[in-house]
Amino acid sequence: MTHNAKSCMERPRKIGAKWTNMHIAPDEKIETFELDYDGKRDRWNGFDPATYARIIEKYEQRDEARRKYLKEQQLKKLEEKNNKQKGENEVSDDDEDEDTMKDDEAKVDESKQMDFAKVEKRVRTTGGGSTGTVRNLRIREDIAKYLLNLDVNSAYYDPKTRSMREDPLPDADPNEKFYGGDNQYRISGQALEFKQLNVHAWEAFEKGKDIHLQAAPSQAELLFKDFKIIKEKLKSQTKAAIMEKYGNAATQEELPKELLLGQTERQVEYDRAGRVIKGLETSLPKSKYEEDVYINNHTSVWGSWWKDHQWGYKCCKQTIRNSYCTGAAGIEAVETAADLMKANIEHKAASEGKNSFYLFELYYTPTQAEEKKLAAWGTDVPADLVLDQKKLANALKKEDERKREEKDERKRKYNVRWNDEVTPEEMEAYRMKRVHYDDPMKDFLH
């Protein structure tokens, strides 16, 4: 056998033939050839001459059909002339008809001379001395391709096909050099069109069309022209449909050069923490969520106001989400209610004594504490702010640990305790460690 069970192409049986003794396949014939030196290099080894008889038969049928068509055309002409002249000058007409028949037969014979323009030379081949076609010949006065550049690392010259694809002198003046490599001729002129025609013929043949570039070149060229026309029509139709649906931005007004180029000569200065000191306002990052959507008569968004660990609306200072905006009247009502509650607390504190002090601290926070928190929460850091260096170093270490936990979630603990009280040192550590996307020197900070 020439193959094993794994590479067998037959359907595997439920029970093998050696157990059932049924449908035993014959042994495969293994051919061995012992060829000599010339036999191994014989181009026609294994060629069946009977296959060429089909080609001869095909061409004979074509020539016979052509002769038959020419005879039919000649008979039609003769009948027309006989009807017109009614038998006059029959001898002269017959002579003219014979001359035209000879001319048509001569034209048919000319079609057989396919390669009359090729140079026929005696070429030594592997199968012995035979006549072949020689291409890439040069005139004796021209310099050989391999002598244009004697550098070893220059363009490669193939002596078998006498071809040099790359340019041997790429740095020379193109107006002075007469040879720029074989690729120059393959990419330019009609060679590129012929390559496209060849590819189209292959693709059309694969899709089931009876087309062959060498057998019927005129038919292949006509089909390629029709294909290009249909392709251009489809392109224009799709383009028109897209422009009709989405519009054409090219026909609109041109944008200013500042927006198109996106370049300015404005100088921007940053501090160590990456904050903009001079030259440019900090640009707010864009979000994927909807922004500046005002509901229920509000003039500010939810989360624009913060007080006593609660978010709210800045326009009316309400901490209830999706509530209706009451405006300045609502703020005044809240302030009066707070003043009334403060008066009640003071009145009660006066009556109760010491216990009132703790209640007062519970409902009222002094303004000095709020001013201190501004240094931690605000973006503007006052110049007279004094930071404890030990606390700042500890805060920087905590910030590094927090960033490591964000990168690797496996290090994060199951029960996370969150403390919302932020010290000025922790806020400064956050400012120093965060990524500043607008800073051109952000890659050199950390």
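Tabulated data
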| item | result |
| --- | --- |
| Between region 148-216 and region 272-333, the Cα center-to-center distance that results, in Å | 69 |
| Two-site FRET efficiency, Ile55 against Lys235, from Cβ-Cβ distance with R₀ of 45 Å, rounded to 0.05 | 0.65 |
| Residues in region 186-201 reached by a label modelled at Arg138 [backbone nitrogen below 18 Å; 7 Å Cα→Cβ] | 186 |
| Net length gained if the chain between Trp202 and Asp42 were fully extended (0.36 nm per residue, minus Cα distance) | 54.6 nm |
| Full-extension gain in nm, Phe33 to Lys407, via 0.36 nm per residue minus C-alpha separation | 127.7 nm |
| Extension gain from Gln310 to Tyr294, taking 0.36 nm per residue of separation minus the Cα-Cα distance | 3.8 nm |
| Ranked by how many other beta carbons lie within 10 Å on average, peptides 68-80, 17-29, 293-305 from highest | 293-305, 68-80, 17-29 |
| Under 5 Å, built H, 5+ apart or other chain: amide partners of Ser163 | Asp158 |
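Every read-out reported here was derived from the displayed coordinates using simple, explicitly stated rules and does not represent laboratory data. Just so it is clear, the structure is predicted and the values come from calculations on it, not from any experiment. Counting neighbours? That spans all protein chains shown, and the Cβs are built from the backbone with ideal geometry, glycine included.
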